[in-house]
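Enquirer: I'd like to ask some things about the structure below.
The values are calculated or read from the model by the stated rules, or taken from the named source; none is laboratory data. Note that the structure is a prediction, hence the values are computed from the model and not measured. No Cβ is skipped: glycine too gets one built from the backbone with ideal geometry, and neighbour counts run over all protein chains shown. Note: accessible area is taken over every heavy atom of the protein model, side chains too, but ligands, DNA and RNA are not part of it. Shrake-Rupley method; radii C 1.70, N 1.55, O 1.52, S 1.80 Å.
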Amino acid sequence: MSASADPFRLDGQRVLISGAGGGIGAALVARFAAAGAQVIGADRDAASLAHLALADQVIFDLADTTATAAAVDDWLARAGAPDIVVSNAGFTRAETLGDLDLKTWESELAVNLNGAYAMTAPIVEAMARRGSGNLVFVSSVNGLAHFGNPAYAAAKAGLIAYAKGIAVERGGQGVRANVVAPGSVRTPAWDHRLAADPTLLGKVVPHYPLGRLVTPEEVANAVLFLASPAASGITGVTLAVDAGLLAGNLRFLDDVLRA
């Protein structure tokens, strides 16, 4: 099969990836580049992107929605709408309801939901005017079931609803929008937690039917699928990449029934 006939190839297409400097972001950059795409990386500062091979970059802090929208508008005026956007940037403090206050709630929604909207909204409209476009939002299993992190979960659930809105209201203009919802992903963000508690993985893994965390590369593969022509008939869906976490309660099975 030639490259042009391969539905997973993205030769000549331009993809904007937010949070490109992080663990999942770097895997996304590598995967899309390997598929032939021209990758534009976005992050809070240029230093975060220095280790990546990029065709272009855009710098903005999602916590500042006004500055984010302005940076995206300026980039669109210079470069035009990309073919694909991967809204990947996000963070969480791993809080529970007892740890939550209004300041924490607002800061989590500012980056994980409001910032994602500020970044993508002008691009969605530019895509609709052009008559084609494709967005993939990196949400979380926390947006589909409760595993703590209530503010983060609310923001990630909001991303799922926003993607459905784009899928329904802009599908007629050729714009697709889908979501990938990872479970726990083994990125460098785990390093400090494991340094503080080397037994942590042993507590987490029993909840996952595959017996492990997912890798950044597995998340990137799912995003690439939804962004590629192979998924041309798919819009408004959420694909869990979670080592089976949402399939059922393995820990309950082991602790109650098998015990």
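Enquirer: If you bin every alpha carbon distance in the stretch 3-53 into 5 Å steps from zero, what whole percent lands in each bin?
Expert: That works out to 5, 24, 31, 19, 12, 7, 3, 1, in percent per bin.
Enquirer: Work out the FRET efficiency for ALA259 and VAL204 from their Cβ-Cβ distance, taking R0 = 25 Å, and round it to the nearest 0.05. It would help to have the intermediate numbers written out before the result.
Expert: Numbers: r = 20 Å, r/R0 = 0.79.
The pair ALA259/VAL204 has a calculated efficiency of 0.80.
Enquirer: From the Cα gyration tensor of the stretch 34-85, with a ≥ b ≥ c the square roots of its eigenvalues, which class applies: rounded if a/c is under 1.5, or else prolate if a/b is larger than b/c, or else oblate? Can you show the working numbers first?
Expert: Values: a/c = 2.27, a/b = 1.26, b/c = 1.80.
Oblate.
Enquirer: Run the reach check for LYS103 against lysines, Cα to Cα strictly under 29 Å, same-chain hits fewer than 8 apart removed. What comes back?
Expert: Reachable lysines: LYS156, LYS164.
Enquirer: Calculated from DSSP H runs of 4 or more alone, at -39500 (n - 2.57) each and per residue, what is the 222 nm mean residue ellipticity of the chain, nearest 500?
Expert: Values: 8 runs with 94 residues, N = 259.
It lands at -11000 deg cm²/dmol.
Enquirer: For the stretch 1-131, what D do you get in µm² per second when you plug the Kirkwood radius from alpha-carbon pairs into Stokes-Einstein at 37 °C and 0.692 mPa s?
Expert: Working: Rh = 15.6 Å.
Taking Rh from Cα pairs, D becomes 210 µm²/s.
Enquirer: Right, another one. With every protein chain in place, what's the accessible area of HIS51 (1.4 Å probe, Å², nearest 10)?
Expert: Accessible area of HIS51: about 120 Å².
Enquirer: Taking trypsin sites (Lys or Arg not before Pro) as exposed when DSSP calls them loop (any state but H, G, I, E, B) and at most 15 other Cβ atoms lie within 10 Å, what is the longest stretch of the chain free of them, the sites themselves excluded? Walk me through the numbers before you get to the answer.
Expert: Working: sites that count: ARG93, ARG212, ARG258.
In short, 94-211.
Enquirer: Name the shape class, rounded, prolate or oblate, that the alpha-carbon gyration tensor gives for the chain, where a ≥ b ≥ c are the square roots of its eigenvalues, rounded holds for a/c under 1.5, and otherwise prolate holds if a/b is larger than b/c and oblate otherwise. The partial results should precede the final answer.
Expert: Working: a/c = 1.66, a/b = 1.42, b/c = 1.17.
Prolate.
Enquirer: Over the stretch 133-259, consider all pairs of different Cα atoms and compute the Kirkwood hydrodynamic radius from their mean reciprocal separation; express it in Å, one decimal.
Expert: Details: mean 1/r = 0.0630 Å⁻¹.
About 15.9 Å, per the Kirkwood formula over Cα pairs.
Enquirer: Translational diffusion coefficient, Stokes-Einstein: compute it for the stretch 167-212 using the Kirkwood radius over C-alpha pairs as Rh, at 4 °C and 1.567 mPa s, and state it as an integer in µm² s⁻¹.
Expert: On the way: Rh = 13.7 Å.
The Stokes-Einstein estimate is 95 µm²/s.
Enquirer: With contacts defined as alpha carbon pairs under 8 Å and 6 or more residues apart, what's the relative contact order of the stretch 112-222 in percent? Display every interim value, and only then the final one.
Expert: Details: 122 pairs, mean separation 29.5, N = 111.
It rounds to 27 percent for the stretch 112-222.
Enquirer: Name the residue from GLY133, PHE60, GLY21 whose Cα lies farthest towards the positive end of the charge dipole of the stretch 1-146, charges +1 on Cβ of Lys and Arg and -1 on Cβ of Asp and Glu.
Expert: Farthest towards the positive end: GLY133.
Enquirer: Note down the magnitude of the dipole of the chain about its Cα centre, charges +1 on Lys and Arg C-beta and -1 on Asp and Glu C-beta and zero elsewhere, to the nearest 20 debye. Spell out each step's value before the answer.
Expert: Working: 19 positive and 24 negative charges, 115 e Å.
Magnitude of the dipole: close to 560 debye.
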